[in-house]
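Chemist: Got a structure for you, questions after.
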Amino acid sequence: MARSSTPGEGTRPRVRHAGQLGWDDGLYEEGPEKSEDSGAGERRTASGESGHRRGGPKRRGKTGKRRVLRWGASVLALLIVGGAGAGYLYYEHLNSNLKKADLTLGDRKMADHKANAAGQTPMNILLIGSDARDSKENQKLGGAKETFGAPPLADVQMLLHLSADRSNMSVISMPRDTMLKIPKCTDPETKKVYPATTGLEMTNETLGRGGPGCSVATWYELTGITIDHFMMIDFSGVISMADAIGGVPVCVKGNVYSHTSEGKGSGLKLEKGTTKIKGKQALQWLRTRYGFEDGTDLGRTHAQHMYMNSMVRELRKGTKLTDPGKLMNLAEAATDALTVDKGDNGLGSIDKLYDLAEELKKVPTKRITMTTMPNVYGTGTLKERVLPKPGEADQLFQMVRDDIPLDGKASKRKAPAAAKKPTASPAEIPVAVRNGTRTDTEYPAKGRASAVKELLAGKGFTQATVDAQNTEAAKRTGILFPTVDMEGNAQAVAKALGIPLSAVKKSTDVSGITLTVGADWREDGDYHAPSAKEKTPESARALNGDDETACMDIQPGFGW
């Protein structure tokens, strides 16, 4: 298997547009290939009857207590369920298999997390599904010969949020058809600089602008959510890891065949009811767009959520992988398929992945919530694309930023950290004020930094100054400080203006206490913090990890 799936690791002479064939399209160019797994395993009809189409192999006995890697049907099998360690014989080899890339390629440094009262911090991981056709296996699975060797697209993007107290987990999917602005990114291999886009581009194009670090930078610019890690997998990696679990139950409300007369579709063919799928059929399910719901990327995202929740339930029920030989082959394929963030704090070793899995599997399935970024369809030339839904998308992002569970059980979360005492009086605290009120559609509100400086002066902060050299746009008003000893002073500034302490964060991107007036404070007067709503917007289509009744609607015209 070729190991090049990020820019700079091989040449890609062909160029593919983000809206062309991806995870959901063109799996078969000359008609669907008959799936080896089609019809295999247990099938349950909508009425509840079940049976076996063919007998399975005899169960093997346990082979001892060797510590081996347990990989599931996708990256989330590792993330949500974890494993039992790594067979030491392959330890160094598996470490060398892992591909590594920079966490972020943007210019802005992400702020540090805010710890809760117990000193715990949340963890955010961006999961990326690459549609790279950079190996024979990926080309076989991906179809669309004209795209072979083209820059990869980030056709699946999911932000996984693990709460600070490890009691709950939330996932936000961003549809690949989302239109947004992409920040400046610099390819760490070629040093090529990709300027910030002046208009809106599809979010899946970020991967081709230097690698997964550009996808991370774009998420941060849009959401303000600090991202700690990323994990990226390609077509063949999904197949390799899908075989390990032995089948994931999925449900459709009618017979479905994802195939059009033009050759589009994943080729998925299932009978009405519940079927256990694996291998290539699992990849088909995850890629299916034509045939589910309204035939858009939104339906495909919903199907992915159902699959992942079902997979987790299967593994949590006690599914065991007991064949060491198969496990070693699986570990080989899995590590070869993964690209993770590098560095001392990255995930670039088996130890780090194992520790991460141990943290994530503390969360019970009933506290896992899958959501889709609230969105609206565009108009005109963007009528087939989606945009973040004003208000509701940022409400969801704010809940994650504030570590509020998306399952509605916010009352059980840890209380925010207690305020720190300032080390100086207001008159002795320097504050740099920046005007970040520019938006995608509006120029910066004139005089906002000066107005806030005067507000601070009126509250005793006479050393406040305007930093006119830094006017980078900010959706939210916030305060950054560079060192721990300044935290109490920064919080004092926030209290004086009514800014919530959750907006005060440590960052090495500033040299002193810095207040950025965001687009949420464009008008004169006191700051009014947005209410921390603790209810997930209905438009996010929240799906609980324990929901076994979830079943996909079928798009008219795709039955059989």
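Chemist: Hydrophobic (A, V, I, L, M, F, W, C), at pLDDT 90 or above and in contact with a His (Cβ under 7 Å, 6 or more places away or on another chain): does that describe Val433? Give the steps one after another, and end with the answer.
Modeler: Numbers: hydrophobic (A, V, I, L, M, F, W, C): yes; at pLDDT 90 or above: yes; in contact with a His (Cβ under 7 Å, 6 or more places away or on another chain): no.
No, not satisfied.
A quick yes/no check of all residues on (1) closer than 30 Å to Ala115 by Cα; (2) at pLDDT 95 or above; (3) not assigned by TED's automatic domain parsing to the domain that holds Arg385:
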{"site": "Thr190", "(1), (2), (3)": "no, no, no"}
{"site": "Gly213", "(1), (2), (3)": "yes, yes, no"}
{"site": "Asp234", "(1), (2), (3)": "no, no, no"}
{"site": "Ser240", "(1), (2), (3)": "no, no, no"}
{"site": "Gly265", "(1), (2), (3)": "no, no, yes"}
{"site": "Lys280", "(1), (2), (3)": "no, no, yes"}
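Chemist: One residue is enough: does the stretch 88-97 have a residue meeting the conditions modelled with pLDDT of 85 or more and in contact with a strand residue (DSSP E or B) (Cβ under 6 Å, 6 or more places away or on another chain)? Write out each step before concluding.
Modeler: If we filter the stretch 88-97 for residues that are modelled with pLDDT of 85 or more, which is where we start, we get 95-97.
In the following step, the residues that additionally are in contact with a strand residue (DSSP E or B) (Cβ under 6 Å, 6 or more places away or on another chain) were identified as none.
Checking the stretch 88-97: not a single residue is modelled with pLDDT of 85 or more and in contact with a strand residue (DSSP E or B) (Cβ under 6 Å, 6 or more places away or on another chain).
Chemist: Could you list, in sequence order, the residues of the stretch 267-278 that are among the basic types (Lys, Arg), out of contact with any Phe, Trp or Tyr (no Cβ under 7 Å at 6 or more places or on another chain) and modelled with pLDDT of 90 or more?
Modeler: Just the residues of the stretch 267-278 that are among the basic types (Lys, Arg), to begin with: 269, 272, 276, 278.
When the remaining residues are screened for being out of contact with any Phe, Trp or Tyr (no Cβ under 7 Å at 6 or more places or on another chain), the result is 272, 276, 278.
Passing the criteria: Lys272, Lys276.
Chemist: Restricting attention to the stretch 450-464, does a residue exist that is among the aliphatic types (A, V, I, L, M), surrounded by 14 or more Cβ atoms within 10 Å (Cβ to Cβ) and under 28 Å from Gly106 (Cα atoms)?
Modeler: At the first step, the residues of the stretch 450-464 found to be among the aliphatic types (A, V, I, L, M) are 451-452, 455-457, 464.
Still in the running and surrounded by 14 or more Cβ atoms within 10 Å (Cβ to Cβ): 451-452, 455-457, 464.
Within this subset, residues satisfying the condition of being under 28 Å from Gly106 (Cα atoms) are none.
The answer is no, given that none of the residues of the stretch 450-464 is among the aliphatic types (A, V, I, L, M), surrounded by 14 or more Cβ atoms within 10 Å (Cβ to Cβ) and under 28 Å from Gly106 (Cα atoms).
Chemist: So, in the stretch 536-560, of the ones that are hydrophobic (A, V, I, L, M, F, W, C) and over 25 Å from Leu360 (Cβ atoms), which residue ends up farthest from the chain's Cα centre (by Cα)? Step through it out loud before you land on a result.
Modeler: First, pick out the residues of the stretch 536-560 that are hydrophobic (A, V, I, L, M, F, W, C): 540, 542-543, 550-552, 554, 558, 560.
Now narrow it down to the ones that are over 25 Å from Leu360 (Cβ atoms): 551-552, 554, 558, 560.
On the way: Cys551: 23, Met552: 22, Ile554: 26, Phe558: 30, Trp560: 34 Å.
Only one residue fits best here, namely Trp560.
Chemist: OK, next. Quick check, is Ala473 outside the structural domain of Lys114 (by TED's automatic domain parsing), touching a Ser or Thr at 6+ places or on another chain (Cβ under 9 Å) and of a type in the set (A, V, I, L, M, F, W, C)?
Modeler: Details: outside the structural domain of Lys114 (by TED's automatic domain parsing): yes; touching a Ser or Thr at 6+ places or on another chain (Cβ under 9 Å): yes; of a type in the set (A, V, I, L, M, F, W, C): yes.
Answer is yes for this residue.
Chemist: OK, next. For the stretch 334-348, which positions are assigned to a loop (DSSP other than H, G, I, E, B), in contact with a strand residue (DSSP E or B) (Cβ under 9 Å, 6 or more places away or on another chain) and over 15 Å from Asn124 (Cα atoms)? Working first, answer last.
Modeler: Initially, the stretch 334-348 is screened for residues assigned to a loop (DSSP other than H, G, I, E, B), giving 338, 342-348.
Within this subset, residues satisfying the condition of being in contact with a strand residue (DSSP E or B) (Cβ under 9 Å, 6 or more places away or on another chain) are 338, 342-343, 345-348.
Residues satisfying the conditions are Leu338, Lys342, Gly343, Gly348.
Chemist: Kindly indicate the residue of the stretch 497-535 that is part of a strand (DSSP E or B) and over 25 Å from the mean Cα position of the chain (by Cα) and also surrounded by the fewest Cβ atoms within 10 Å (Cβ to Cβ) among those meeting that condition. Spell out how you get there, then give the answer.
Modeler: At the first step, the residues of the stretch 497-535 found to be part of a strand (DSSP E or B) are 504-506, 514-517.
Imposing the further condition that a residue be over 25 Å from the mean Cα position of the chain (by Cα) reduces the set to 514-517.
Details: Thr514: 22, Leu515: 28, Thr516: 26, Val517: 26.
For the stretch 497-535, the residue satisfying everything is Thr514.
Chemist: Just the residues that are among the hydrophobic types (A, V, I, L, M, F, W, C), within 33 Å of the chain's Cα centre (by Cα) and assigned to a loop (DSSP other than H, G, I, E, B), please, taken from the stretch 467-496.
Modeler: Selection gives Ala473, Ala474.
Chemist: When you check Ala464 against the structure, is it hydrophobic (A, V, I, L, M, F, W, C) and either within 16 Å of Pro430 (Cα to Cα) or under 26 Å from the mean Cα position of the chain (by Cα) (or both), yes or no?
Modeler: Working: hydrophobic (A, V, I, L, M, F, W, C): yes; either within 16 Å of Pro430 (Cα to Cα) or under 26 Å from the mean Cα position of the chain (by Cα) (or both): yes.
Here the answer is yes, as Ala464 does meet what is asked.
Chemist: Next question, about the same structure. Given Arg438, Arg401, Arg367, which one is touching a residue at least 24 places away in the same chain (Cβ under 8 Å), in the same structural domain as Leu162 (by TED's automatic domain parsing) and either surrounded by fewer than 19 Cβ atoms within 10 Å (Cβ to Cβ) or within 30 Å of Pro188 (Cα to Cα) (or both)?
Modeler: Numbers: Arg438 fails: in the same structural domain as Leu162 (by TED's automatic domain parsing); Arg367 fails: either surrounded by fewer than 19 Cβ atoms within 10 Å (Cβ to Cβ) or within 30 Å of Pro188 (Cα to Cα) (or both).
Result of the check over Arg438, Arg401, Arg367: Arg401.
Chemist: Could you tell me whether the stretch 545-553 includes any residue that is under 22 Å from Gln395 (Cα atoms), in contact with a Gly (Cβ under 9 Å, 6 or more places away or on another chain) and not hydroxyl-bearing (Ser, Thr, Tyr)?
Modeler: Quick first cut of the stretch 545-553, residues under 22 Å from Gln395 (Cα atoms) only: 545.
Cutting the leftovers down to in contact with a Gly (Cβ under 9 Å, 6 or more places away or on another chain) gives us none.
Checked the stretch 545-553: no residue is under 22 Å from Gln395 (Cα atoms), in contact with a Gly (Cβ under 9 Å, 6 or more places away or on another chain) and not hydroxyl-bearing (Ser, Thr, Tyr).
Chemist: Looking at (1) in a strand (DSSP E or B); (2) at pLDDT 95 or above, which one does Ile182 not meet, given that it meets all the others?
Modeler: So Ile182 meets the others, but not (1).
Chemist: Which ones in the stretch 242-260 are modelled with pLDDT under 90 and not β-branched (Val, Ile, Thr)?
Modeler: Ala242, Asp243, Ala244, Gly246, Gly247
The values are calculated or read from the model by the stated rules, or taken from the named source; none is laboratory data. These numbers were taken from a predicted model, which means no experiment stands behind them. All Cβ positions, even for glycine, are placed from backbone atoms using ideal geometry, and neighbour counts span all protein chains on display.
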